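Below is one structure, written out as structure tokens; comments come after it.
Derivation of every value follows stated rules applied to the coordinates shown; laboratory data play no part. Bear in mind the structure is a predicted one, so any value in this text is a computation, not a measurement. Every residue, glycine among them, receives a Cβ derived from its backbone with ideal geometry; neighbour counts consider all protein chains shown.
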Amino acid sequence: MEKNFFSSPQAEVSRLDSAPSTDGQLPLFEHRELLSGDYWRRIPGFSKVGSAEFQTHSFQQRATVTSVAQLRATLGGLASEAFFDDLADGIRNAPMALRISPHLLSLIDWEDPAEDPIRTQFLPLRSCQQPDHPMLQLDSLAERKDSPVPGLTHRYPDKALFLPVDTCPVYCRFCTRSYAVGAGTELVSEKLKLHANQARWEAAFTYIESHPGLEDIVISGGDSYNLRAEHLEAIGRRLLGIPHVRRIRFATKGLCVMPQKILSDVHWTDALTRVVELARRLHKSAVVHTHFNSPNEIVEATQRAMNLLVERGITVRCQTVLQRGVNSDAEVMQLLIKRLGYINIQPYYVYFHDLVPGVEDLRTSLADGLHVEKRVRGTTAGFHTPAFVVDTMGGGGKRDAHSFEYYDKENGIAVFTSPSVKPGERFLYFDPLESLGEAAQERWQIPSERRAMVGEAFEWRGEQFRGLEWRE
Ligand SMILES: *Cc1c(COP(=O)(O)O)cnc(C)c1O
Ligand code: SF4
């Protein structure tokens, strides 16, 4: 019987190359055209707000929208009743609470919100949602399993992920940490609570101190933007004071969703600057990692914020999530990468979308994502070319997407190994069912077929099935 999978990466690559391509070339200067002017005035609720007010974090926070009623009041007649109903239904089926800044709201194309990449990320529409993949689990990266202390994930030998807060300036509907981040929703009512709490932080610092192998600490969350300036500075100083800690990174989506804060919240930006300067004096490094997904998120206000960070010598890198309808088109991804580089943000990673409840419409297949990667590499400097990675389910960590050991393209099952993180184990990634043929989609609905397909993926070298629970 013929096997319907590719057992070697080479076989897969040749198939992708032979696929017809309709992608064109990116216009040479499009990435330099950044939206400027009073872009928010087209929103009825902001039409009378002047630049001096709009471009401040205090306005951005005060006018942040957290309910459908508030959105309706802000948008007035810009969106239809059908849109608001669709949104209300979408929220009922979402793992993340609604929260969007005036800056982002103003960047949405309200002529066609259904197709808009920023709407797609922050405002869930029921009509766009698809059933979850049968193998989905909450906390699909098993972060809690690798947590020695609440809010500290130690999975890799020399680095750890510290989550000091569980709130963000906005909520992305696709958040991987929906098990902890933001307020509860109808879908995920009980969340792990990781509030700003100095006793919990101290437990994390003590753990880091007693593990001399740890050189690199990611301060994430939640979002470092939501740390008070004095807390940000205290955390930075405390970590840099641990002799074996060489590198820290503050993760924040803030530059994307509320760039105004960098220029107007002087206390916060100065606190960050002091930590970066302290790191430099100690011959260590402290940097910012941020998160942009669409080229439309980068406007002149973003560049102004970045210019200040550049003047202060603060390195900023970007982690992007590959999302259908947002950046899964190769030209859009090229534009995003070029635009990030143009304002001095270094593209670091593009993540394949994790399996998260309620966002199956955002995921792409491994094959489609690899196609985008090939288009991106070569468009700009190598050090501005992100690695496309899969954060494997079950805690295998991030793997170069090209490095799969096995890819059953027909059924959408990829197998990765992670010899430096979990030697001897195998980890899975699943393509969205929508990207598969009809017969494969039907097979996934039958539990015994599921077992057989996943079993075959694991068995091809006689390995035991590990790391995942069945959900039937
Ligand atoms: C992503 C991640 C890190 C940092 O990994 P890098 O590849 O160095 O960016 C550290 N710990 C955990 C648990 C992570 O998920
Ligand atoms: S900013 Fe990051 S942590 Fe916060 S909701 Fe978005 S993806 Fe999740």
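Please state the relative contact order of region 26-122 as a whole percent: Cα pairs under 8 Å, 6+ residues apart?
On the way: 74 pairs, mean separation 28.7, N = 97.
That works out to 30 percent.
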Per the charge dipole of the chain (beta-carbon charges, Lys/Arg positive, Asp/Glu negative, Cα centre), the residue among Leu152, His133, Leu35 reaching farthest to the positive end is Leu152
By per-residue mean of other Cβ atoms within 10 Å, what is the highest-first order of 366-374, 70-78?
366-374, 70-78
Non-local residues with an amide H under 5 Å from the amide H of Tyr406, with H modelled 1.01 Å from N and Pro and chain starts lacking one, are Val415
Using the Cβ atoms and a cut-off under 11 Å, what net charge is assigned to the surroundings of Asp431, where Lys and Arg are +1 and Asp and Glu are -1?
-3
Estimated vicinal HN-Hα couplings, Hz - region 426-441 in sequence order (Karplus 6.51, -1.76, 1.60; Gly, Pro = x)
10, 10, 10, 9, 10, 5, x, 4, 4, 7, 9, x, 4, 5, 5, 4
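Have a look at the DSSP beta bridges in region 144-464 and tell me what percent are antiparallel, nearest 5.
Numbers: 15 of 39 bridges.
If we restrict to bridges inside region 144-464, about 40 percent are antiparallel.
Report the charge-dipole magnitude of region 279-346 in Debye, nearest 20, computed about the Cα centre from +1 at each Lys and Arg Cβ and -1 at each Asp and Glu Cβ.
Roughly 440 debye for region 279-346.
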Amide H neighbours of Gln346 under 5 Å, counting only residues 5+ apart in sequence or on other chains, H built in-plane at 1.01 Å?
Val316, Arg317, Cys318
Under 16 Å Cα to Cα from Lys338, which lysines show up? Leave out anything in the same chain fewer than 8 places away.
Lys374
About the Cα centre, charge dipole magnitude for region 144-464 (Lys/Arg +1, Asp/Glu -1 at Cβ), debye
1160
Roughly how many debye, to the nearest 20, is the charge dipole of region 26-122 about its Cα centre, given +1 on each Lys and Arg Cβ, -1 on each Asp and Glu Cβ, and no other charges?
500
Farthest toward positive dipole pole in the chain [+1 Lys/Arg, -1 Asp/Glu at C-beta], among Gly378, Ala203, Ser420
Ala203
List, largest first, the extents of the alpha carbons of the chain along their principal axes, each in whole Å.
70, 57, 46
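Show me 96-106, 323-333 ranked by packing, highest mean number of other Cβ atoms within 10 Å first.
On the way: 96-106: 23.5, 323-333: 21.2.
My ranking of the peptides, most packed first, is 96-106, 323-333.
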Region 170-273: which trypsin sites (Lys or Arg not before Pro) are DSSP loop and have at most 14 other beta-carbon atoms within 10 angstrom?
Lys193, Arg228
Skipping prolines and chain starts, which residues have an amide H placed within reach, meaning under 5 Å, of the one on Gly397, given they are 5 or more residues away or on another chain?
Thr392
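For a footprinting-style exposure proxy, rank Leu35, Leu336 by other Cβ within 10 Å, fewest first. Before the final figure, lay out the partial values.
Details: Leu35 13, Leu336 27.
The most exposed by this proxy come first: Leu35, Leu336.
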